[in-house]
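Student: Here it is, the structure in full.
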Amino acid sequence: HRPEAGHEDRPKWDNKVQYLLTCVGFAVGLGNVWRFPYLCQIYGGGAFLIPYLIALVFEGLPLLYLELAIGQSLRQGSIGVWNSISPYLGGVGVASMAVSFLVGLFYNTILAWVLWYFFNSFQDPLPWSQCPLNENLTDYVEECVRGTAANYYWYRVTLNITPDISSSGSLQWWLVLSLALAWSIVYICFIRGIETVGKAVYVTATFPYLVLTIFLVRALTLPGAIDGLEYLFTPDWGVLLNPQVWLDAATQIFFSLSLAFGGLIAFASYNPRKNNCERDALLVGCINSATSLYASIPIFAILGFKATTNFNNCITSNVLKLTNEFDIAEKNITADNYDMWLKTLNTSHPDRINSLELRECNLKRFMDQSVSGTGLAFIVFTEAVIEMPASQVWAVLFFIMLFSLGLSSMFGNLEGVLTPLFDLHMVPSWVPKELFTGIICMVSFLVALIFTMGSGNYWLEIFNSYVGSVPLLIIAFFEITSVVVFYGMKRFSEDIEFMTGHRPGLFWHLCWMGVSPLMLLVVLVAYVVVQVQVQPQYPTWNPSYTLFPEAEVKPYPDWVFAICVMLSAVPVVPIPLVALYHLIRRLTHPEQHTRDEPHVSNPYDNKAFMFNIQPTSAQWSQRSE
Amino acid sequence: MWVWIVCLLTAAPALAEPLCSKEVCDNYGYKVRISIKTALGDKAYEWNESEMFLFRATVAFAMRRYTSDETYNVSDIVVCNKTARVSFWFLVTSPANTAQLVPRGQVEAAVRLSRNRINSAFLLTDQTLQFVGILPTLAPPISYDTPPWLIVFGVVMGVVCAGIITLLLSTLLKRTRSKKNLLETEEEEDRRGSITANGRLCESLREKDPGRGHPDDVHLSKL
């Protein structure tokens, strides 16, 4: 096995567009569609953009630039990169890999749910538009009548959810099938590494924009759309004084850009060395935020439409009650003169009016019913789609869009797991790449079967809150301090000068050395403090709850809470462990273990080698054959 | 005698309209609410006596159909308490004896049996031609032999599996072909003696990429 062979056959992108689309696809995910609009709404509309953009400029872009630059210059996956900087830092890469794996597990389960809804959108009428009949065929199922049909379809038909997390229920076979298909699709896109991924992203990264535009045009023509948009974007400047807003903006930009997963480092490592990664970072970061904004417009237009429809239905039902009670001629009471009629009738027959139990119809209250996450996609949006003519088309488009958004993010997750393993030659050479990828997909599928049980949704929320938050912040903090302290800003600037043609400006220096680590530390501490203060509890769907269909909030049992803490701690434990391991090795075998010896034979670590030759892209492509 | 006359006089009005009193209606009658404008919008027709006549005729038809008694007539259906809402109460009297009222249960059963026909006569639905107290018949859910979602799933899964197998096979073929090529070139190398540049055969460089091989030789020689 010749020494250069490991770097001769490093895969590479066919062209720059593939690389950019893959990075954009990784960054733009489900959160852009269902988390950002929600945050915008609850944090005073247009005013939220200020902390969001500040966080983007001072935290998101510097970290993004750092990851792309370090990956491109050291040409390794996450473990290899940090190992190259210092063997003590290898744990950072292992932590990235662990987090990527865990996040990939539950993220693909969400895609399995999207697939399930997609398959069920090919029916007329849509199955979530009506309640099923009970066994006697005398009335609708009670659980459905008390909630709504869309709620019932999501919680009972799809998830078959148990009343709490302790009762696991059984594996739901339809979800197992959907999950198998989701992992098969991920596998087929990954079968030849970035060769196939690069082709898949042409579709998965661009298709969502097409669908969002179609939805935008359709949504703006719906009644009540403008009310929804007004409600979303009307700024409430007082919200800027609330520290929670700044915290949420910082965490949102951080998770939105998919930093600290190791996927971006891996993607950048397949680039030719002379590539302007500064421009790439700015492009990817700005496209991600622009997509969030662009997606929130049709989402909120449709939510405004739904609120207006609910309001109109509320008024209509009240009008009908009044008309029937007082035998007034049809259509004499309309939505316009409803208030006047109500006042007149209330003065003459107050007791009869009271007995009618008229509903309180307030448009603002309907708009306030903000939802994020799976609730937005699978309940609120599906209800809205039923009201639109040609519902099947819109439902199919919507779910394909969600699937391609999520699939392109899954590429990054899986890349963050596979590339470090391949780079460190942990895979025996007789195992072909395809087989190993298949094994990883199969293992992930089997572990993710927990999310297909009755209590799966509760576990998914736990993974989402505890794995996809604090560990990433810790890893990012270590990433930035490693580069600044261990690698050295001087060496890093020289690398960047070699790659892009100019040294990074003062702004970047300031951010990397001061502003960004400080911001990360503040966000991390604040996040932990806020989490610790809140008693860990979760909303459950319990049909036997007295206030059903409201969610019954239950506290986590102790064993579940222990698992939550483990999920946050175990991915970051490698960071001190690996450092300790190397320290012990150095102390016990000082003659064998020199301080500067890099763990991986990376010829580009030798500074002399870097300065003497000026490689061209033609030579690198020949080397990678 | 005087008492008798007084009793008759007081009882006469009561006897003259016993049917539309509250107790009788509650025990024997049903309230009907008709919402034509809601159902038909612009094409709404006006509710007049002729429409009422049609209604009484359809209810009489329903009674005939249910009891298989062909003596029911429009006159057996009594309508009371008409309002501008378009709502009213109706009672059914027995054709044999006009003083005897048909029990509520029978009326309900008759209406349920012919509900569809009554609705169609007026171009209305269960909700817009409302019999207060008679629940609308619920449409049975559409049941499929194979759930449609399984069909879509099967198609997509089939395509994906076919794709995976195709790609794996093509990779396998490519690898065995290149391994065979490599064995051949190694044999050649053994026979001719190796001229290597940077660990690779010049011949194999030219073979693989005739376009780019030569300029790279020039670059390599700079070292």
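Student: How would the stretch A:20-124 be classified by its alpha-carbon gyration tensor: rounded, prolate or oblate, with rounded meaning a/c under 1.5 and the a/b versus b/c comparison settling the rest?
Tutor: The shape class here is oblate.
Student: So what's the angle, to the nearest 10 degrees on a 0 to 90 scale, between helix A:574-588 and the longest Cα principal axis of chain A?
Tutor: The helix A:574-588 is inclined about 20 degrees to chain A.
Student: If the reach is capped at under 17 angstrom between alpha carbons, list the lysines near B:LYS179, excluding any in the same chain fewer than eight residues apart.
Tutor: The reachable lysines, counting only those whose Cα sits under 17 Å from B:LYS179, are A:LYS433, B:LYS208.
Student: HN-Hα J couplings of the stretch A:117-124 from phi, Karplus 6.51/-1.76/1.60, θ = phi - 60°, integer Hz, Gly and Pro as x?
Tutor: 5, 4, 4, 7, 7, 9, 10, 10
Student: If you take each beta carbon of peptide A:325-331 and count the beta carbons of other chains within 10 angstrom, what is the mean?
Tutor: Counting Cβ atoms of other protein chains within 10 Å of each residue's Cβ and averaging gives 6.
Student: May I pose another question? Based on alpha-carbon positions alone, could you give the equivalent ellipsoid semi-axes of the stretch A:332-425 from the gyration tensor, as √(5λ), descending, whole Å?
Tutor: 53, 16, 9
Student: So if we plug the beta-carbon distance of B:ARG117 and A:LEU320 into 1/(1 + (r/R0)^6) with R0 = 30 Å, what FRET efficiency do we get, rounded to 0.05?
Tutor: With R0 = 30 Å, the Cβ-Cβ based efficiency is 0.70.
Student: Extending each Cα 7 Å along its Cβ direction at A:LYS274 and A:ALA335, get the distance between those two points in nm, one decimal.
Tutor: Distance between label points: 6.5 nm.
Student: Write down, largest first, the equivalent ellipsoid semi-axes of the stretch A:180-260 in whole Å, where each equals the square root of 5 times an eigenvalue of the alpha-carbon gyration tensor.
Tutor: That gives 35, 23, 10 Å for the three semi-axes.
Student: If you don't mind, another one. Using the Kirkwood formula on the Cα atoms of the protein assembly as shown, what hydrodynamic radius do you get, in angstrom to one decimal?
Tutor: Roughly 32.0 Å, rounded to one decimal.
Student: Averaging over all projection directions, find the projected area of the Cα convex hull of the stretch A:105-204 and quote it in nm² with one decimal place.
Tutor: 8.6 nm²
Student: Return the sequence-ordered ³J(HN,Hα) values of the stretch A:250-266 in whole Hz as given by the Karplus equation 6.51 cos²θ - 1.76 cosθ + 1.60 applied to θ = phi - 60°, using x for Gly and Pro.
Tutor: So the Karplus estimates, Gly and Pro as x, are 5, 5, 5, 5, 5, 6, 5, 7, 6, 7, 6, 8, x, x, 5, 4, 5 Hz.
Student: Quick one: putting +1 on the C-beta of Lys and Arg, -1 on the C-beta of Asp and Glu, what dipole do you get for the protein assembly as shown around its Cα centre, in Debye to the nearest 20?
Tutor: 960 debye
Student: Follow-up. Fewest first, what order do A:SER73, A:SER493 take by the number of other Cβ atoms within 10 Å?
Tutor: Ranked by crowding around the Cβ, least crowded first: A:SER493, A:SER73.
Student: Now for a different question. Would you mind checking which residues have amide H under 5 Å from B:TYR30's amide H? H placed 1.01 Å from N; only 5 or more apart, or other chain.
Tutor: Counting only residues 5 or more places away or on other chains, the set is B:PHE90.
Student: Next question. R0 = 56 Å: FRET efficiency of A:TYR581 with B:ASP42, Cβ-based, nearest 0.05?
Tutor: 0.10
Student: Now, a different point. Identify unpaired cysteines across chain A, taking unpaired to mean no other cysteine Cβ lies under 4.7 Å from the residue's Cβ.
Tutor: Result for chain A is A:CYS23, A:CYS40, A:CYS189, A:CYS277, A:CYS286, A:CYS441, A:CYS511, A:CYS564, no neighbouring Cys Cβ within the cutoff.
Student: Take the Cα of A:ASP139, step 7 Å along the line toward its Cβ, and report every residue of the stretch A:312-328 whose backbone nitrogen sits under 19 Å from that point.
Tutor: Inside the label zone: nothing.
Student: Still on this model: Need the full-extension length gain, A:LYS16 to A:ASP327, defined as separation in residues times 0.36 nm minus the C-alpha distance. One decimal, nm.
Tutor: Gain in length upon complete extension: 104.8 nm.
Student: Still on this structure, I have one more. Could you state the angle between the C-alpha long axis of helix A:338-348 and the longest principal axis of the C-alpha atoms of chain A, as a value from 0 to 90 degrees rounded to the nearest 10?
Tutor: 40 degrees
Student: Largest first, please: the extent of the C-alpha atoms of the stretch A:276-400 along each principal axis, to the nearest Å.
Tutor: 78, 29, 23
Student: Across the stretch A:83-94, in residue order, what do the Karplus-derived ³J(HN,Hα) couplings come to in whole Hz, using 6.51 cos²θ - 1.76 cosθ + 1.60 with θ = phi - 60° and x for Gly and Pro?
Tutor: Karplus-based 3J(HN,Hα) across the stretch A:83-94 equals 4, 5, 5, 6, x, 5, 9, x, x, 4, x, 5 Hz.
Student: Right, another one. Viscosity 1.002 mPa s, temperature 20 °C: give me the Stokes-Einstein translational D for the stretch A:367-406 in µm²/s, with Rh taken as the Kirkwood radius over C-alpha pairs.
Tutor: Using the Kirkwood radius from Cα pairs, D works out to 200 µm²/s.
Student: Of the options A:LEU247, A:LEU587, B:SER114, report the single residue whose Cα projects farthest towards the positive end of the charge dipole of the protein assembly as shown (beta-carbon charges: Lys, Arg +1; Asp, Glu -1).
Tutor: Comparing the listed Cα positions along the dipole, A:LEU587 ranks first.
Student: Can you show me the helix-derived [θ] at 222 nm for the protein assembly as shown, built from DSSP H runs with n ≥ 4 at -39,500 (n - 2.57) apiece and divided by the number of residues, rounded to the nearest 500.
Tutor: Computed mean residue ellipticity for the protein assembly as shown: -19500 deg cm²/dmol.
Student: Ratio of alpha-carbon Rg to the 2.2 N^0.38 Å globular estimate for the stretch B:22-132, to two decimals, please.
Tutor: Ratio of Rg to 2.2 N^0.38 Å for the stretch B:22-132: 1.02.
Student: Under 20 Å Cα to Cα from B:LYS43, which lysines show up? Leave out anything in the same chain fewer than 8 places away.
Tutor: Cross-link targets: A:LYS331.
Student: Report, by chain and number, residues whose modeled amide H sits under 5 Å from the one on A:THR540, excluding near sequence neighbours (fewer than 5 apart, same chain).
Tutor: A:GLU552, A:VAL553, A:LYS554
Student: So between B:SER143 and B:VAL159, what do we pick up on full extension, going 0.36 nm a residue minus the alpha carbon distance?
Tutor: 3.1 nm
Computed from the coordinates by the stated procedures, all read-outs in this text should not be read as laboratory data. Keep in mind it's a predicted model, so treat the numbers as computed, not measured. A quick note on method: Cβ atoms are made from the backbone with ideal geometry, for glycine too, and the neighbour counts reach across all protein chains shown.
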